């Protein structure tokens, strides 16, 4: 029998001769809150809301191609009541209730709503509302567990899995295996007195709740487990070590990690230098996840979608790395039978919650173009301001001044309600957690009773599945088998050297057009993960929240724009395209990494990840073995301004720019001045560096570093008396300016003290 015939038959049996059946008290109470009946938020009346119910319900009926005599009868009653009924008549409430009841029956008659048992978690929100902190055991609050709703939409009865098997604690991020036989989740025991001794660890059990066992242990947080197609596990873990670079107290970095099915052989998949979230497996077998990407960029607007292979190779942007609205996408999941992704558009300075979107990268890789708002009544938190007209309608603005025109209500930076943890059933239908309460920004904890579970559609309908008035219900996952994606075989070999090989086809194939025939070399820069806690404690340069760096050296670029070289594996790397003087034409403000033995081919510099590769051609760089990195000048690894720049200044500049009457009032000596030296504090003012509040999503060629520096222009173009820098001296200055004008090559205070004295320190170790 065809799909729509099932719906037609079911609805005829269900709805012909319909008589109103009283809904459960909790369901009717939910309808009232949705419609603003007797509530302060967007207050409404029975008469005013019935029209919206029919509008949304009609769209659903049309999409499902159903026939509902009861729906048609109610519409006729509505027409008659609008003509002759009194506005405050009890008949309006009676009609409102019956419209809701029929609409609910239609919604749950959808075959996609028949998910079978629904697994979910009850969780008390953490004590600190922020993207970073909500996953740390030290902020966890006790309460909740793993639950199953056996007949969602039909029966409110739930059961707890493995009840009493674990002590007082917090649960999160459940996962069901592809065959539907196993369940994983993260659990943190909260009965320890010392909060810093609390950690989330992975647990696994059978789908019937038996066979509970702990998979990971130790003084690290492990969470967000996902089954990979080959039976192994990918998850997020703080095992990489180090801290994020903004805010205080310091937040340990967590990135992608992997283990076998029993939690053994744990290893890092990602070597990124700051946080990553929410892995999911795409239909093609790749891992999709959210990465925080703010190397010399704004710290807030760089939390979007990336992919990698299950062995950790080929990390690459998927959507949004140049996008500022929304702030970021989290909780992404592939949509069944579709190439699109469903995700939560959320804030950075709050727990994960906001608006639910679809992402279609066939329509672009950045901005609003690839996004479809599935919950358009909810703005993107932190990046949009919403102005409500008081009747359930809103307009969004990205600037506060635009959001406050004359005679309008106060704007809302944070939405007055929000969604999270979507589970897609199709491009139009999904299950999600929803809250009537506003999203709360840091540092406050959120109400433990914020979220209930709903069946939601793109037409504006949502129906309650389950709500516990005492605690949030989150992360709905059908407890059933699903299609297993293909296993992507690893190209890595055991015991390979700790390096990989990179082929760049053409550096001029770039979204930001590079000057023709200007790139001669690539500078390879290591990004140093932060080893100390708290923002700029201590700073490594004038740029706020800057990462540390070490210049590994340079490799040649051929006349056709191709390059072929080896680079160390297991460390974050970025590349800079250099002109004939050694100045960066374009600066990469992101990071990548190689696995031991990995061979990577790039189309160009920041080319579109979703465009077709150019026609095959013979690359000049492949006519020879891969280049080895040629080390940079002394002081570039480990990075040290006193060693890299000050010696040259002593030879060329200090004779004039020192003493009681320095030339131009500019002191260029290496004597300490505060955290740096006189020369650094003077020269850095002429260097366009980028910090964690940078307003530019993209960098234009020549915008930052040496080619944008007034100091370099003075020396190379205008001339400065008889100073004529040689090639090595130009490269020293350019290297300093292009690595964001850093001073130190370490976050360690004792090592910085040595560098300030002009001493050399040991190189940063490989991870």
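The values are calculated or read from the model by the stated rules, or taken from the named source; none is laboratory data. Since we're looking at a predicted model, the values are computed, not measured. Cβ placement follows ideal geometry from the backbone for every residue including glycine, while neighbour counts extend to all protein chains displayed.
So in the range 177-196, with the set limited to residues that are under 13 Å from residue 261 (Cα atoms) and not in a loop (DSSP other than H, G, I, E, B), which one is nearest to the chain's Cα centre (by Cα)? Selected residue: 184. Go over the candidates 585, 555 one by one and state the one that is buried (at least 20 other Cβ atoms within 10 Å of the Cβ), assigned to a strand (DSSP E or B), modelled with pLDDT under 95 and over 25 Å from the mean Cα position of the chain (by Cα). Unique residue meeting the criteria: 585. For residue 298, are the conditions met, namely being surrounded by fewer than 23 Cβ atoms within 10 Å (Cβ to Cβ), farther than 30 Å from residue 699 by Cα and in contact (Cβ under 8 Å) with a residue 40 or more places away in the chain? No.
Reported count of residues in the range 417-429, each being in a strand (DSSP E or B) and in contact with a helix residue (DSSP H, G or I) (Cβ under 9 Å, 6 or more places away or on another chain), is 1.
Here is a yes/no grid of residues against (1) over 22 Å from the mean Cα position of the chain (by Cα); (2) surrounded by fewer than 21 Cβ atoms within 10 Å (Cβ to Cβ); (3) outside the structural domain of residue 431 (by TED's automatic domain parsing):
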position	(1), (2), (3)
116	yes, yes, no
119	yes, no, no
122	yes, no, no
125	no, no, no
129	no, no, no
137	no, no, no
141	yes, yes, no
152	yes, no, no
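For the range 111-127, the criterion of being at pLDDT 95 or above and out of contact with any strand residue (DSSP E or B) (no Cβ under 8 Å at 6 or more places or on another chain) is satisfied by at least one residue.
If you check 519, 525, 502 for being under 27 Å from residue 601 (Cβ atoms), in contact with a strand residue (DSSP E or B) (Cβ under 8 Å, 6 or more places away or on another chain) and in a loop (DSSP other than H, G, I, E, B), only one passes: 519. Within the range 420-441, not a single residue is at pLDDT below 95 and over 22 Å from residue 125 (Cα atoms). The single condition among (1) touching a helix residue (DSSP H, G or I) at 6+ places or on another chain (Cβ under 7 Å); (2) under 30 Å from residue 325 (Cβ atoms) that residue 689 does not meet is (1).
Looking at the range 285-384, the strands (runs of 3 or more DSSP E) lying wholly inside it that each contain 2 or more residues that are more than 10 Å from the chain's Cα centre (by Cα) and closer than 23 Å to residue 461 by Cα sit at 328-334, 341-346, 354-359, 371-373. Of the helices (runs of 4 or more DSSP H) lying entirely inside the range 1-110, the ones with 2 or more residues being farther than 30 Å from residue 418 by Cα and at pLDDT below 95 are found at 3-15, 69-84, 90-109.
What residue, of 199, 223, is in a loop (DSSP other than H, G, I, E, B) and touching a helix residue (DSSP H, G or I) at 6+ places or on another chain (Cβ under 9 Å)? None of the others qualify; the one that does is 199.
Under the condition of being part of a loop (DSSP other than H, G, I, E, B) and under 17 Å from residue 339 (Cα atoms), which residue from the range 274-284 is nearest to the chain's Cα centre (by Cα)? Going through the qualifying residues, I end up with 282.
Taking residue 460, is it touching a helix residue (DSSP H, G or I) at 6+ places or on another chain (Cβ under 6 Å) and assigned to a loop (DSSP other than H, G, I, E, B)? Yes: the conditions hold for residue 460. Quick check: is even one residue across the range 162-170 in a strand (DSSP E or B), under 31 Å from the mean Cα position of the chain (by Cα) and either closer than 30 Å to residue 334 by Cα or not assigned by TED's automatic domain parsing to the domain that holds residue 472 (or both)? Yes, the conditions are met somewhere in the range 162-170.
Return yes when residue 260 is crowded, with 19+ Cβ neighbours inside 10 Å and in contact (Cβ under 8 Å) with a residue 12 or more places away in the chain and no when it is not. It is false that residue 260 is crowded, with 19+ Cβ neighbours inside 10 Å and in contact (Cβ under 8 Å) with a residue 12 or more places away in the chain. So which of 173, 238 ends up being in contact with a strand residue (DSSP E or B) (Cβ under 6 Å, 6 or more places away or on another chain), more than 30 Å from residue 486 (Cβ to Cβ) and crowded, with 21+ Cβ neighbours inside 10 Å? None of the others qualify; the one that does is 238. Residue count for the range 721-752 satisfying the condition of being on the phi < 0 side of the Ramachandran plot and surrounded by 14 or more Cβ atoms within 10 Å (Cβ to Cβ): 21.
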